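The next block holds one structure in the form of structure tokens; read it before the comments.
The values are calculated or read from the model by the stated rules, or taken from the named source; none is laboratory data. For clarity, every value in this text was computed on a predicted model and none was experimentally measured. Here the Cβ positions follow ideal geometry from the backbone for every residue, glycine too, while neighbour counts run over all protein chains shown.
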Amino acid sequence: MRLLEHQGKEILRRYAIETPQGIVARTPEEAREAASKLGPVVVKVQIPTGGRGKAGGIRPAEDPAQAYERASELLGSTIRGFNVQSVLIEEKVALKQELYLGLTIDNRRGVSVLMFCPSGGMDIEEVAASHPELVYKLELPAGARLPEYEARGLLRRAGFQGKTLVQLAGVAVRLYQCFVDYDLVVAEINPLGILADGRVVAADCKMEVDDNSLFRHPELGSEKDELQDPLEREAREIGVTYIKLDGDIGIIASGAGLGMNTMDLILEAGHRPANFLETGGGITRELMRRSVLLVAKHEGVRGLLVNLYGGVNPLVAAAEGVVDGVKALSKNLPVVVKALGNQQEEAHAVLEAAGIPVIKTVRTEDAVAALVRQLEGKSA
């Protein structure tokens, strides 16, 4: 469960990590009143996703009247699929330098990873890909403490020293303690800003709590439904397992293993999965129709790969549902289907009659390649 920015900052303050002053507003009037107390501010939509600035969800306001205007524009709008119900009215701070500090979990190695980058305010994945030498990492085994001398060692490698080094190391140690105490899977401060007077402040933050630990944090679990991605909430209503990702190829698979294999092959082909969707063994025509429409709602989806095995699942009903879903789409979306098993020939006929490409081999690689060819404008 991803927390809202103001929730994350409230937690940071409990660990003596300084943040800009801010007040949550749910009406334009509350935004105006908050700005009258804080001076020039930034109006930030409070939704549990990244990319708010690029989507127009973070806007400056020089006075209370402008804060009222900005809040009026943002409240009730839809940004990155979320309905904006609140905004954070936060004092505008002048950052002398922007840094990145974050923690995540490397599931393959079973360790937490502390990451620091002297270039904050940017997409850390892009920085890591283009300038990996700028991302400094420290692995921490499960249950380990983060001694301050290790945090200082990491920051020295990045070129920091003196008072700034001491302050940054303190923030790193306290963020790690927060990460452990709240069972976080992601904790990022981006940017972590250095002010002209030398103070270090968390200008923005992202926190994601392990859902399995919410019983230990009832104050957070009570808001799970409100903070859940609307597509994941819709998937629960449909009866499928759906996880939203940041890629460009949507996936519908009839089993978890089949879905994960499909994701791996999409990555090997140079693309990224936009979601994980597993139907389970209860496929119906309506379930497949709604699943197609659900996956297509992701703003980044450029193509859809349907990968089905018809053991207990009826492939003809699945094929009919795919056709219904594709016909109901509001945009032209390349779709490729691989369907093998019970009544596969009949299912293939249904799909081919609707003009949907069908892969009849057992190799999911062939389905991925067929979809990539469509996306890249190449002939089959």
For region 266-288, enumerate the residues that are within 24 Å of Leu329 (Cβ to Cβ) and touching a residue at least 60 places away in the same chain (Cβ under 8 Å).
Ile266, Ala269, His271
Condition first: of a type in the set (Asp, Glu), within 25 Å of Glu376 (Cβ to Cβ) and within 17 Å of the chain's Cα centre (by Cα). Can you find one or more residues in region 278-301 that meet it?
yes
So which helices (runs of 4 or more DSSP H) are wholly in region 180-272 and hold at least 3 residues that are modelled with pLDDT under 95 and within 30 Å of Thr19 (Cβ to Cβ)?
218-221, 224-227, 230-238
Being closer than 17 Å to Ala203 by Cα, in contact with a Leu (Cβ under 8 Å, 6 or more places away or on another chain) and not β-branched (Val, Ile, Thr) is the filter here; which residues of region 21-51 pass it?
Gln21, Gly22, Lys44, Gln46, Pro48
Pull out all pairs, ordered by first then second residue, where Cβ-Cβ is under 8 Å, the residues are six or more apart or on different chains, the first lies in region 1-14 and is assigned by TED's automatic domain parsing to the domain that holds Val84, and the second is of a type in the set (Val, Ile, Thr) and part of a strand (DSSP E or B).
none
Select, from Gly300, Gly282, Gly321, the only residue that is surrounded by fewer than 20 Cβ atoms within 10 Å (Cβ to Cβ) and either at pLDDT 95 or above or over 20 Å from Val368 (Cα atoms) (or both).
Gly282
With the checklist (1) assigned by TED's automatic domain parsing to the domain that holds Glu208; (2) without any contact (Cβ under 8 Å) to a residue 12 or more places away in the chain in hand, flag the one item Thr78 doesn't pass.
(1)
How many residues are among the polar types (S, T, N, Q) and free of Cβ contacts under 8 Å to residues at least 60 places away in the same chain when one looks only at region 38-57?
1
Ala339 fails exactly one of (1) surrounded by fewer than 19 Cβ atoms within 10 Å (Cβ to Cβ); (2) touching a residue at least 24 places away in the same chain (Cβ under 8 Å), namely (1)
Just to be sure I understand the filter: pairs with C-beta atoms under 9 Å, separated by 6 or more residues or on different chains, first member in region 116-145 and closer than 24 Å to Tyr182 by Cα and touching a residue at least 24 places away in the same chain (Cβ under 8 Å), second member in a helix (DSSP H, G or I) and basic (Lys, Arg). Which pairs pass?
Phe116/Arg157
Within region 305-325, does at least one residue satisfy the condition of being assigned to a loop (DSSP other than H, G, I, E, B), under 26 Å from Asp246 (Cα atoms) and either touching a residue at least 24 places away in the same chain (Cβ under 8 Å) or of a type outside the set (Lys, Arg) (or both)?
no
Going through Glu133, Glu148 one at a time, which residue ends up being farther than 26 Å from Arg52 by Cα, surrounded by fewer than 17 Cβ atoms within 10 Å (Cβ to Cβ) and touching a helix residue (DSSP H, G or I) at 6+ places or on another chain (Cβ under 6 Å)?
Glu148
Taking Leu308 as meeting all but one of (1) surrounded by fewer than 22 Cβ atoms within 10 Å (Cβ to Cβ); (2) modelled with pLDDT of 95 or more; (3) under 18 Å from Leu351 (Cβ atoms), write down the number of the exception.
(1)
Residues to consider are Lys37, Lys44; find the one that is charged (D, E, K, R) and under 21 Å from the mean Cα position of the chain (by Cα).
Lys44
Under 9 Å by Cβ, and 6 or more places apart or on different chains, what pairs join a residue from region 351-380 that is within 13 Å of Thr262 (Cβ to Cβ) with one that is part of a helix (DSSP H, G or I) and among the polar types (S, T, N, Q)?
Thr364/Asn261; Thr364/Thr262; Ala367/Thr262; Val368/Thr262
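In the same structural domain as Gly50 (by TED's automatic domain parsing) and either surrounded by fewer than 22 Cβ atoms within 10 Å (Cβ to Cβ) or among the hydroxyl-bearing types (Ser, Thr, Tyr) (or both): does that describe Ile105?
no
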Which one is farthest from Val135 (Cα to Cα), of the residues in region 184-203 that are touching a strand residue (DSSP E or B) at 6+ places or on another chain (Cβ under 6 Å) and not hydrophobic (A, V, I, L, M, F, W, C)?
Gly193
